[in-house]
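The values are calculated or read from the model by the stated rules, or taken from the named source; none is laboratory data. In this text the structure is predicted, and so the values were computed from the model without any measurement. Please note that ligands, DNA and RNA were not included when accessible areas were found on the heavy atoms of the full protein model with its side chains. Shrake-Rupley method; radii C 1.70, N 1.55, O 1.52, S 1.80 Å.
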Amino acid sequence: MNTVPAPRRLLARGVGHAYALRTVLEGIDFELPAGRVMALVGPSGCGKTTLLHLVAGLLAVREGRIESNFSTPASVFQQPRLLPWKNALDNIALGLKAAGVARAEREARAAELGVRVGLAADDLQKFPHQLSGGMQSRVALARALVLGPDLLLLDEPFSALDVGLKAELYALLAEHLAGREMAVLMITHDLMEAVRLSDDILVMAASPGRVVARFALDRPAARRDDDFVYRRTAELLRDATVRESFGLPPQVCAQTPEDAACETALQAVHTVRPGAAPARGGLRC
Ligand SMILES: Nc1ncnc2c1ncn2[C@@H]1O[C@H](COP(=O)(O)OP(=O)(O)OP(=O)(O)O)[C@@H](O)[C@H]1O
(Lines give C-alpha, C1' and ligand atoms only; values in the text may rest on other atoms or scores of the structure.)
Protein backbone atom coordinates (compact mmCIF):
# COMPACT_ATOMS: atom_id res chain seq x y z
CA MET A 1 0.00 0.00 0.00
CA ASN A 2 1.34 3.42 -0.97
CA THR A 3 1.44 5.96 1.82
CA VAL A 4 1.43 9.69 1.12
CA PRO A 5 4.55 11.25 2.70
CA ALA A 6 3.82 13.78 5.44
CA PRO A 7 4.28 17.38 4.27
CA ARG A 8 7.70 18.62 5.26
CA ARG A 9 7.79 21.12 8.07
CA LEU A 10 9.73 22.40 11.04
CA LEU A 11 7.75 22.80 14.23
CA ALA A 12 8.64 24.44 17.55
CA ARG A 13 6.29 24.14 20.50
CA GLY A 14 6.87 25.72 23.90
CA VAL A 15 10.63 25.86 23.35
CA GLY A 16 12.67 27.37 26.15
CA HIS A 17 16.35 27.48 26.99
CA ALA A 18 18.54 28.49 29.90
CA TYR A 19 22.28 28.95 30.16
CA ALA A 20 23.10 27.83 33.70
CA LEU A 21 20.34 29.45 35.75
CA ARG A 22 19.59 32.23 33.27
CA THR A 23 16.49 31.73 31.11
CA VAL A 24 17.12 33.17 27.65
CA LEU A 25 14.20 31.68 25.68
CA GLU A 26 10.66 31.01 26.77
CA GLY A 27 7.56 29.53 25.11
CA ILE A 28 8.70 29.74 21.49
CA ASP A 29 6.06 28.46 19.04
CA PHE A 30 6.24 28.50 15.27
CA GLU A 31 5.69 26.32 12.26
CA LEU A 32 7.71 26.56 9.06
CA PRO A 33 6.36 24.52 6.14
CA ALA A 34 8.35 23.60 3.02
CA GLY A 35 8.58 26.37 0.45
CA ARG A 36 8.41 29.25 2.92
CA VAL A 37 10.96 31.69 4.28
CA MET A 38 10.70 32.81 7.90
CA ALA A 39 12.76 35.69 9.29
CA LEU A 40 13.61 35.98 12.98
CA VAL A 41 14.16 39.57 14.04
CA GLY A 42 14.66 41.08 17.46
CA PRO A 43 17.10 43.07 19.57
CA SER A 44 20.65 41.91 20.11
CA GLY A 45 20.83 39.25 22.80
CA CYS A 46 17.17 38.21 22.66
CA GLY A 47 18.10 34.60 21.86
CA LYS A 48 17.81 34.32 18.07
CA THR A 49 21.10 32.43 17.63
CA THR A 50 20.29 30.20 20.59
CA LEU A 51 16.98 29.32 18.91
CA LEU A 52 18.74 28.56 15.61
CA HIS A 53 21.26 26.37 17.42
CA LEU A 54 18.41 24.45 19.07
CA VAL A 55 16.79 23.96 15.64
CA ALA A 56 20.13 22.86 14.13
CA GLY A 57 20.69 20.35 16.94
CA LEU A 58 23.81 22.14 18.20
CA LEU A 59 22.10 22.61 21.57
CA ALA A 60 19.94 20.01 23.29
CA VAL A 61 16.24 20.86 23.56
CA ARG A 62 15.39 20.51 27.23
CA GLU A 63 12.16 22.50 27.32
CA GLY A 64 9.37 22.13 24.76
CA ARG A 65 9.92 20.28 21.47
CA ILE A 66 11.31 20.85 18.02
CA GLU A 67 10.27 18.51 15.22
CA SER A 68 11.49 18.46 11.66
CA ASN A 69 11.01 16.00 8.84
CA PHE A 70 13.30 17.82 6.42
CA SER A 71 15.95 15.41 5.19
CA THR A 72 18.87 17.63 4.08
CA PRO A 73 19.24 20.64 6.39
CA ALA A 74 22.19 23.00 6.00
CA SER A 75 23.29 25.96 8.10
CA VAL A 76 25.23 29.18 7.70
CA PHE A 77 26.25 30.63 11.04
CA GLN A 78 27.43 34.08 12.09
CA GLN A 79 31.04 32.91 12.07
CA PRO A 80 31.80 31.29 8.70
CA ARG A 81 33.58 28.37 10.47
CA LEU A 82 35.73 27.51 7.45
CA LEU A 83 38.49 24.92 7.72
CA PRO A 84 41.68 27.02 7.77
CA TRP A 85 43.83 24.35 6.09
CA LYS A 86 41.54 24.03 3.04
CA ASN A 87 41.17 26.55 0.24
CA ALA A 88 37.80 28.17 -0.57
CA LEU A 89 36.97 25.61 -3.25
CA ASP A 90 37.60 22.65 -0.95
CA ASN A 91 35.65 24.35 1.85
CA ILE A 92 32.64 24.72 -0.47
CA ALA A 93 32.99 21.10 -1.58
CA LEU A 94 33.27 19.74 1.97
CA GLY A 95 29.71 18.40 2.26
CA LEU A 96 29.88 16.89 -1.21
CA LYS A 97 33.03 15.01 -0.22
CA ALA A 98 31.29 13.72 2.90
CA ALA A 99 28.39 12.60 0.67
CA GLY A 100 30.81 10.57 -1.46
CA VAL A 101 30.63 12.73 -4.61
CA ALA A 102 33.63 12.05 -6.89
CA ARG A 103 36.42 14.64 -6.85
CA ALA A 104 35.96 15.98 -10.38
CA GLU A 105 32.22 16.44 -9.94
CA ARG A 106 32.45 18.04 -6.51
CA GLU A 107 35.10 20.48 -7.70
CA ALA A 108 32.99 21.43 -10.71
CA ARG A 109 29.86 21.95 -8.58
CA ALA A 110 31.78 23.87 -5.91
CA ALA A 111 33.45 26.09 -8.51
CA GLU A 112 30.12 26.86 -10.18
CA LEU A 113 28.52 27.89 -6.90
CA GLY A 114 31.64 29.78 -5.81
CA VAL A 115 31.38 31.93 -8.92
CA ARG A 116 27.62 32.36 -8.39
CA VAL A 117 28.23 33.83 -4.92
CA GLY A 118 30.60 36.33 -6.51
CA LEU A 119 34.03 34.79 -5.91
CA ALA A 120 36.63 35.03 -8.67
CA ALA A 121 38.42 31.89 -9.85
CA ASP A 122 41.64 32.86 -8.06
CA ASP A 123 39.72 33.60 -4.82
CA LEU A 124 38.61 29.96 -4.86
CA GLN A 125 42.25 28.91 -4.53
CA LYS A 126 42.79 31.12 -1.47
CA PHE A 127 42.78 29.94 2.12
CA PRO A 128 40.34 31.47 4.64
CA HIS A 129 42.94 33.81 6.18
CA GLN A 130 43.51 35.30 2.71
CA LEU A 131 39.80 36.13 2.26
CA SER A 132 37.89 39.16 3.54
CA GLY A 133 35.06 38.65 6.04
CA GLY A 134 32.48 39.09 3.29
CA MET A 135 34.27 36.56 1.06
CA GLN A 136 34.34 34.05 3.91
CA SER A 137 30.57 34.55 4.39
CA ARG A 138 30.04 33.84 0.71
CA VAL A 139 32.12 30.65 0.91
CA ALA A 140 29.98 29.55 3.86
CA LEU A 141 26.77 30.28 1.93
CA ALA A 142 28.05 28.39 -1.12
CA ARG A 143 29.08 25.46 1.09
CA ALA A 144 25.48 25.23 2.35
CA LEU A 145 23.75 25.74 -1.01
CA VAL A 146 25.92 23.26 -2.91
CA LEU A 147 24.26 20.47 -0.94
CA GLY A 148 20.82 21.35 -2.33
CA PRO A 149 19.31 21.56 1.17
CA ASP A 150 15.57 21.30 1.79
CA LEU A 151 15.93 23.33 5.02
CA LEU A 152 18.36 26.23 5.20
CA LEU A 153 19.21 27.85 8.54
CA LEU A 154 20.86 31.25 8.16
CA ASP A 155 22.31 33.42 10.94
CA GLU A 156 22.86 36.90 9.46
CA PRO A 157 24.55 35.53 6.34
CA PHE A 158 24.51 38.83 4.46
CA SER A 159 25.54 41.23 7.25
CA ALA A 160 29.20 41.52 6.13
CA LEU A 161 28.33 42.30 2.50
CA ASP A 162 27.95 45.54 0.59
CA VAL A 163 24.56 46.43 -0.88
CA GLY A 164 25.46 45.29 -4.41
CA LEU A 165 26.60 41.86 -3.26
CA LYS A 166 23.59 41.57 -0.99
CA ALA A 167 21.29 42.15 -3.93
CA GLU A 168 23.14 39.47 -5.95
CA LEU A 169 22.91 36.94 -3.15
CA TYR A 170 19.23 37.74 -2.56
CA ALA A 171 18.68 36.87 -6.23
CA LEU A 172 20.72 33.68 -5.87
CA LEU A 173 18.69 32.63 -2.85
CA ALA A 174 15.44 33.42 -4.68
CA GLU A 175 16.65 31.28 -7.59
CA HIS A 176 17.34 28.38 -5.22
CA LEU A 177 13.92 28.77 -3.68
CA ALA A 178 12.07 28.84 -6.99
CA GLY A 179 10.88 25.42 -8.03
CA ARG A 180 12.27 23.80 -4.87
CA GLU A 181 10.34 23.06 -1.73
CA MET A 182 13.15 24.52 0.36
CA ALA A 183 12.30 26.16 3.67
CA VAL A 184 14.50 28.90 5.10
CA LEU A 185 14.76 30.08 8.72
CA MET A 186 16.81 33.24 8.70
CA ILE A 187 18.07 35.55 11.43
CA THR A 188 18.58 39.11 10.34
CA HIS A 189 19.03 42.50 12.01
CA ASP A 190 17.92 44.19 8.83
CA LEU A 191 14.13 44.66 8.73
CA MET A 192 14.31 45.60 5.06
CA GLU A 193 16.08 42.32 4.32
CA ALA A 194 13.38 40.44 6.26
CA VAL A 195 10.65 42.17 4.24
CA ARG A 196 12.46 41.52 0.95
CA LEU A 197 13.14 37.83 1.45
CA SER A 198 10.68 36.27 3.84
CA ASP A 199 7.05 35.18 3.84
CA ASP A 200 6.70 35.44 7.60
CA ILE A 201 8.51 37.63 10.10
CA LEU A 202 8.73 36.56 13.74
CA VAL A 203 9.51 39.47 16.02
CA MET A 204 11.23 38.57 19.28
CA ALA A 205 11.67 40.57 22.47
CA ALA A 206 14.33 40.04 25.12
CA SER A 207 14.61 39.00 28.77
CA PRO A 208 13.56 36.32 28.31
CA GLY A 209 13.59 35.85 24.55
CA ARG A 210 10.06 35.28 23.27
CA VAL A 211 8.00 35.82 20.16
CA VAL A 212 5.87 38.97 20.48
CA ALA A 213 4.48 39.28 16.95
CA ARG A 214 4.28 37.50 13.64
CA PHE A 215 3.70 39.26 10.35
CA ALA A 216 2.83 37.67 7.02
CA LEU A 217 3.93 39.40 3.82
CA ASP A 218 1.10 39.77 1.36
CA ARG A 219 3.01 39.45 -1.93
CA PRO A 220 5.29 36.64 -3.21
CA ALA A 221 8.97 37.56 -2.84
CA ALA A 222 9.53 37.36 -6.60
CA ARG A 223 7.04 40.21 -7.13
CA ARG A 224 8.31 42.54 -4.40
CA ASP A 225 9.80 45.68 -5.85
CA ASP A 226 11.75 48.32 -3.91
CA ASP A 227 8.63 50.40 -3.34
CA PHE A 228 6.82 47.45 -1.72
CA VAL A 229 9.85 46.70 0.48
CA TYR A 230 10.20 50.32 1.64
CA ARG A 231 6.51 50.61 2.47
CA ARG A 232 6.25 47.38 4.40
CA THR A 233 9.48 48.11 6.28
CA ALA A 234 8.10 51.51 7.27
CA GLU A 235 4.90 49.82 8.46
CA LEU A 236 6.91 47.41 10.58
CA LEU A 237 8.82 50.30 12.09
CA ARG A 238 5.55 52.01 13.01
CA ASP A 239 4.18 48.93 14.77
CA ALA A 240 4.07 49.51 18.53
CA THR A 241 5.11 45.94 19.41
CA VAL A 242 8.09 46.09 17.05
CA ARG A 243 9.15 49.46 18.44
CA GLU A 244 8.86 48.22 22.01
CA SER A 245 10.85 45.04 21.33
CA PHE A 246 13.72 47.04 19.79
CA GLY A 247 13.59 49.66 22.56
CA LEU A 248 12.49 52.42 20.20
CA PRO A 249 10.41 55.26 21.69
CA PRO A 250 6.72 55.33 20.72
CA GLN A 251 6.13 56.99 17.39
CA VAL A 252 5.04 60.60 17.81
CA CYS A 253 5.04 62.08 14.29
CA ALA A 254 1.74 62.93 12.59
CA GLN A 255 0.67 60.46 9.91
CA THR A 256 -0.21 61.40 6.39
CA PRO A 257 -3.32 59.86 4.77
CA GLU A 258 -0.92 57.66 2.71
CA ASP A 259 0.66 56.31 5.90
CA ALA A 260 -2.73 55.49 7.34
CA ALA A 261 -3.77 53.68 4.15
CA CYS A 262 -0.60 51.60 3.96
CA GLU A 263 -0.91 50.59 7.62
CA THR A 264 -3.73 48.27 6.67
CA ALA A 265 -1.59 46.21 4.29
CA LEU A 266 0.81 44.33 6.57
CA GLN A 267 -0.88 41.39 8.21
CA ALA A 268 -0.16 40.85 11.88
CA VAL A 269 -1.30 37.27 12.18
CA HIS A 270 -0.12 36.68 15.70
CA THR A 271 0.56 39.33 18.27
CA VAL A 272 1.42 38.57 21.85
CA ARG A 273 1.92 41.29 24.37
CA PRO A 274 3.38 40.62 27.80
CA GLY A 275 0.63 39.50 30.17
CA ALA A 276 -1.98 39.22 27.41
CA ALA A 277 -3.42 36.13 25.74
CA PRO A 278 -2.28 35.69 22.15
CA ALA A 279 -4.61 37.11 19.52
CA ARG A 280 -4.73 34.89 16.43
CA GLY A 281 -5.93 34.96 12.88
CA GLY A 282 -6.60 37.67 10.36
CA LEU A 283 -5.73 40.68 12.49
CA ARG A 284 -4.50 43.70 10.63
CA CYS A 285 -2.34 46.40 12.08
N1 LIG B 1 27.15 29.67 25.49
C2 LIG B 1 26.55 30.61 26.22
N3 LIG B 1 26.68 30.61 27.57
C4 LIG B 1 26.06 31.53 28.33
N5 LIG B 1 25.26 32.51 27.84
C6 LIG B 1 25.11 32.55 26.51
C7 LIG B 1 25.74 31.61 25.64
N8 LIG B 1 25.37 31.92 24.37
C9 LIG B 1 24.58 32.99 24.44
N10 LIG B 1 24.41 33.37 25.73
C11 LIG B 1 23.57 34.48 26.20
O12 LIG B 1 22.25 34.21 25.81
C13 LIG B 1 21.60 35.41 25.37
C14 LIG B 1 21.10 35.21 23.97
O15 LIG B 1 22.21 35.12 23.08
P16 LIG B 1 22.02 34.89 21.54
O17 LIG B 1 23.36 34.88 20.92
O18 LIG B 1 21.15 33.71 21.32
O19 LIG B 1 21.22 36.22 21.14
P20 LIG B 1 20.98 36.89 19.70
O21 LIG B 1 19.59 37.41 19.71
O22 LIG B 1 21.34 35.93 18.63
O23 LIG B 1 22.04 38.08 19.73
P24 LIG B 1 22.71 38.88 18.50
O25 LIG B 1 21.58 39.46 17.71
O26 LIG B 1 23.54 39.92 19.19
O27 LIG B 1 23.54 37.89 17.72
C28 LIG B 1 22.63 36.53 25.51
O29 LIG B 1 22.40 37.20 26.73
C30 LIG B 1 23.96 35.81 25.56
O31 LIG B 1 24.89 36.50 26.34
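Numerical summary
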| quantity | calculated |
| --- | --- |
| Sum of -39500 (n - 2.57) over DSSP H runs of 4+, divided by residues of the chain (222 nm, nearest 500) | -9500 deg cm²/dmol |
| Contour minus Cα-Cα distance for Leu58 and Ser71 (0.36 nm per residue) | 3.0 nm |
| Between helix 103-116 and the chain: long-axis angle, C-alpha atoms, 0 to 90°, nearest 10 | 40 |
| Accessible area in square angstrom per residue, the range 1-128, 1.4 angstrom probe | 53 |
| Fraction of the pair-distance distribution of the chain above 34 Å, Cα-Cα pairs, percent | 23 |
| Vicinal HN-Hα couplings computed from phi for the range 62-74 (Karplus, 6.51 cos²θ - 1.76 cosθ + 1.60; Hz; Gly/Pro x) | 9, 10, x, 9, 10, 10, 8, 10, 6, 9, 10, x, 9 |
| Between helix 226-238 and the chain: long-axis angle, C-alpha atoms, 0 to 90°, nearest 10 | 50 |
| Folded to 0 to 90 degrees: helix 133-145 orientation relative to the chain principal axis, Cα | 80 |
| Fully extended contour minus Cα-Cα distance, from Ala120 to Ala18, at 0.36 nm per residue | 32.4 nm |
| Cα-derived Rg over Rh, computed across the range 82-148 with Rh taken as Kirkwood radius | 0.92 |
